[in-house]
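Written out below as structure tokens is the structure these notes cover.
The values are calculated or read from the model by the stated rules, or taken from the named source; none is laboratory data. Note that this is a predicted model, so its numbers are computed, not measured. Glycine also receives a Cβ, built like all others from the backbone with ideal geometry; neighbour counts cover every protein chain displayed. The area values use the complete protein model at the heavy-atom level, side chains included, leaving out ligands, DNA and RNA. Shrake-Rupley method; radii C 1.70, N 1.55, O 1.52, S 1.80 Å.
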Amino acid sequence: MKLTEQQVLALKRKRGELNYSTTDLEKITGVNRWTLNDIIKHGHRNVNKKTFKGINDWLIDQYTTIK
């Protein structure tokens with residue numbers, strides 16, 4: 001599966017807004033911190049289904065939950 005640029009941008013923005021480290025994101029999404037680092041810093045877009053689902057589910061939750 002392939003992450004879109006919009007998904008990666010949303011991941012970066014939410015991570016910044018919430019001041020989360022990659023370790024924090026790892027705990028929340030269930031995605032390995034090294035994979036998250038590759039996605040955020042190195043342009044890695046091709047991911048497996050579990051990674052895609054973890055990131056996508058977290059983003060949907062963040063953008064649909066009013067805080």
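Working only within the range 17-33, note down all residues that are open to solvent by less than 50 Å² (accessible area, probe 1.4 Å) and either assigned to a helix (DSSP H, G or I) or among the aliphatic types (A, V, I, L, M) (or both). The answer is T22, L25, T29, V31.
Could you check, for the range 34-50, whether at least one of its residues is modelled with pLDDT of 95 or more, among the aromatic types (F, W, Y) and closer than 14 Å to K2 by Cβ? Scanning the range 34-50, I find no residue that is modelled with pLDDT of 95 or more, among the aromatic types (F, W, Y) and closer than 14 Å to K2 by Cβ, so the answer is no. The residue pairs whose first member lies in the range 15-32 and is more than 17 Å from T65 (Cα to Cα), whose second member is among the hydroxyl-bearing types (S, T, Y), and whose beta carbons are closer than 7 Å, counting only pairs six or more residues apart or on different chains, are V31/T51. Summed over the range 49-67, residues that are open to solvent by less than 90 Å² (accessible area, probe 1.4 Å) and touching a residue at least 12 places away in the same chain (Cβ under 8 Å) total 9. All conditions in (1) over 11 Å from the mean Cα position of the chain (by Cα); (2) closer than 16 Å to Q62 by Cβ hold for E5, with the sole exception of (2).
Please indicate, with yes or no, whether at least one residue in the range 34-47 is without any contact (Cβ under 8 Å) to a residue 40 or more places away in the chain, aliphatic (A, V, I, L, M) and in a loop (DSSP other than H, G, I, E, B).
Within the range 34-47, none of the residues are without any contact (Cβ under 8 Å) to a residue 40 or more places away in the chain, aliphatic (A, V, I, L, M) and in a loop (DSSP other than H, G, I, E, B).
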